[in-house]
Amino acid sequence: MDTQRRSQILVEIAKQTGKQVTAAFLKRTASYIPGIDRFHNLITGIFKPAWSDYALSIVIKMSSPYDHKDEVIFLEDGRWLMTYSPRSGGLDISDNRALKKCMDERVPVAVFKQMTEKWDRQHGSTYLVLGLGLVTNYDSGQDVFIVESVDQSALEEVTGVITDEEYRYEVQLYAKLTREFQPLVEESRVSYTVSALKRDEAFRQLVLREYDYCCSNSRSHCKAWLDGVGASNLS
């Protein structure tokens, strides 16, 4: 496996966490992010690039024949859990083998969930970027993989390709988001193995950009507040 190539792709996916994207963005990623061919081909649920022995990404489709098994549960602390069905044909077929290899070697995969169908007049086919996940188990009785949102240690390994320390922490924060931006992080539920100074600055920049330099409640400009006491309160 080309570890660096894979990590660079997963980093770009992590930066999209919580966003709803088009099918074209997933299939023809190079048109949006130069240097990356695609995030997923959307042909089957499991996408294994030809250059890798591991699955790169998985998608839950609205018209999936496994609807009764594929399910995502969002937890209060921002994490998610899901059950995901392998392709029919047994674990020995290529795609399933690639996903099981991710499980056995604890290699993260990107996870997408289809939100609208291609015939939707307003949006077309769109997908929610759940972010990065770890395949933690295979339930042979139910014939499903268990996938969980990526933990901090795996996230640090993926983002290790980012040389800029502050930017690396910022991407880690993005990867912890789910369906919508959550501006308040409870330290009792989320831990970071980063220095306070770097973490605070990365989180500050994230808040500023996500809210267009405005307060999330009053929408009034709050850059000065974040520059001062407010920034310390976000730590």
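The values are calculated or read from the model by the stated rules, or taken from the named source; none is laboratory data. For clarity, every value in this text was computed on a predicted model and none was experimentally measured. Using ideal geometry, Cβ is built from the backbone for each residue, glycine included, and neighbour counts are taken over all protein chains shown. Quick note on the areas: whole protein, heavy atoms, side chains included, nothing else; ligands and nucleic acids left out. Shrake-Rupley method; radii C 1.70, N 1.55, O 1.52, S 1.80 Å.
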Test Ser63 against the stated conditions and say whether it is open to solvent by 60 Å² or more (accessible area, probe 1.4 Å) and farther than 23 Å from Ala24 by Cβ.
-> no
Do we find that Lys69 is modelled with pLDDT under 90 and farther than 15 Å from Leu132 by Cα in this structure?
-> yes
Please tell me if Thr44 is assigned to a strand (DSSP E or B) and either surrounded by 13 or more Cβ atoms within 10 Å (Cβ to Cβ) or not charged (D, E, K, R) (or both).
-> no
Open to solvent by 10 Å² or more (accessible area, probe 1.4 Å), in contact with a strand residue (DSSP E or B) (Cβ under 9 Å, 6 or more places away or on another chain), modelled with pLDDT under 95 and not polar (S, T, N, Q), is that true of Asp120?
-> yes
Kindly indicate whether Val111 is over 17 Å from Leu26 (Cα atoms) and modelled with pLDDT of 90 or more.
-> no
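Let's see how each residue does on (1) within 15 Å of the chain's Cα centre (by Cα); (2) farther than 24 Å from Ser85 by Cα; (3) open to solvent by 30 Å² or more (accessible area, probe 1.4 Å); (4) of a type in the set (Lys, Arg):
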| residue | (1), (2), (3), (4) |
| --- | --- |
| Leu10 | yes, no, no, no |
| Arg28 | no, yes, yes, yes |
| Tyr32 | no, yes, yes, no |
| Ala55 | yes, no, no, no |
Select from region 138-159 the residues that are open to solvent by 50 Å² or more (accessible area, probe 1.4 Å) and under 16 Å from the mean Cα position of the chain (by Cα) and write down the one among them that is modelled with the highest pLDDT.
-> Glu148
Per-region count, region 4-41, residues assigned to a helix (DSSP H, G or I), without any contact (Cβ under 8 Å) to a residue 40 or more places away in the chain and either of a type in the set (Gly, Ala, Ser) or within 16 Å of Ile60 (Cβ to Cβ) (or both) | 3
Quick check, is Thr44 touching a residue at least 12 places away in the same chain (Cβ under 8 Å), touching a Gly at 6+ places or on another chain (Cβ under 8 Å) and closer than 25 Å to Asp104 by Cα?
-> no
Cross-chain or 6+ apart pairs with Cβ under 7 Å, region 69-84 first and farther than 17 Å from Thr44 by Cβ and in contact (Cβ under 8 Å) with a residue 40 or more places away in the chain, then aromatic (Phe, Trp, Tyr) and open to solvent by less than 50 Å² (accessible area, probe 1.4 Å) = Val72/Trp80; Phe74/Trp80
Tyr84 open to solvent by 10 Å² or more (accessible area, probe 1.4 Å), at pLDDT 90 or above, more than 15 Å from the chain's Cα centre (by Cα) and among the hydroxyl-bearing types (Ser, Thr, Tyr) = no
